[in-house]
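Shown next, in structure tokens, is the structure this report addresses.
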Amino acid sequence: MLELEDRSKRHHRSSHCFRKAVSSSSSSSSWTNYATRSTPPASDSIDGSVYHPVLSNLDNSSFTVSESLVRDLEYATTIPQIHPCRLKFCDEKKMNDEFGLTTTVIGFCGIARDTQPFGFVMRNGTIGFNEFQDAVFEAGAIGILRWGDVLVLDNKAIHRHKDFSLLEDVLLELGIFIMFMPTGSPDLNPMKSMWRLVETRKRMLRVGGMIMRGVSNIGVASMIIQNFNHADVDYCYRVAGYI
């Protein structure tokens, strides 16, 4: 009982700043009306055209209906109804420094022009659910996650934690919906292309002799990530087929 009380208190403290930062002007049950609007504010040249995902599971001739297939169908039918500016993606990336120490980067990206294109937090070592949850709250505090957004996640264990429903409840109250990508579909996640951009630019800096002496691999990665712009994120959304 004590463990449940402690967990509830941690959840309340962590979500407090998020609740203040992301306020909803109407009930969370109407989030779809906002998320599927054809022209979100300041969407610039994003025309709202969304791909129809090509899902390998749907190409099977088998007629077995599994939970995975149901999720794939839900994704394939729901995502095209949502304006791309409302889709926000999150992913985690482990990076090692010169001494073999691990840093985990939790990143969020979006193409809406009235907010920053990329946000991230770094944590030493391998993260758990609490660190992931805090990162989501931070994304709300800086405005990357807002009312009417759809946060898209993959199926990592950290996103399927036994306490995930607590986080989901907070987000739903704030009009932010969560969707899960089909299992084994990294090509549907623009964040994977964002991480590849980090590695590509690190190599370019090394070849050009532009990496400063004494700056760690993690420091270089952090500088690259901080300089991500809307063009970078747009490119990754196009690679994944969302625009």
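Note the full-extension length gain between D114 and T200 as 0.36 nm times their separation in residues minus their Cα-Cα distance, in nm to one decimal. Please report the intermediate quantities before stating the final value.
Numbers: separation 86, 0.36 × 86 = 30.96 nm, distance 2.76 nm.
Stretched fully, the D114-T200 segment lengthens by 28.2 nm.
Please give the FRET efficiency for N229 paired with S165, using the beta carbon to beta carbon distance and R0 = 30 Å, rounded to the nearest 0.05. Intermediate values should be presented prior to the final figure.
Numbers: r = 35 Å, r/R0 = 1.18.
Step by step, r from the Cβ atoms, then E = 0.25.
What is the order of V105, V198, V136, V70, fewest Cβ neighbours within 10 Å to most? Walk me through the numbers on the way to the answer.
On the way: V105 22, V198 19, V136 25, V70 10.
Arranged by neighbour count, lowest to highest, V105, V198, V136, V70 become V70, V198, V105, V136.
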Problem set entry | Computed E for V239/L101 - FRET, C-beta separation, R0 25 angstrom, nearest 0.05 | 0.25
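So, R0 is 45 Å and r is the distance between the beta-carbons of A141 and S66; what FRET efficiency does that work out to, to 0.05? Let's see the in-between values first.
Working: r = 38 Å, r/R0 = 0.85.
Here the calculated transfer efficiency is 0.75.
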Exercise. Which of the GluC sites (Glu not before Pro) found in the range 61-141 are loop residues per DSSP with 10 or fewer other Cβ atoms within 10 Å of their Cβ?
Worked result: E98
Exercise. Which links in K93/K192; K156/K202; K88/K162; K94/K202; K94/K156 stretch past 21 Å when you go from one Cα to the other?
Worked result: K156/K202; K88/K162
Exercise. How big is the Kirkwood radius of the range 98-227, worked out from every pair of different alpha carbons and given in Å to one decimal?
Worked result: 16.3 Å
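Readers should treat all values here as calculations from the given coordinates under stated rules, not as data from a laboratory. Owing to the predicted nature of the structure, the values given are computational and were not obtained by experimental measurement. Note that we place each Cβ from the backbone using ideal geometry, even for glycine, and neighbour counts take in every protein chain shown.
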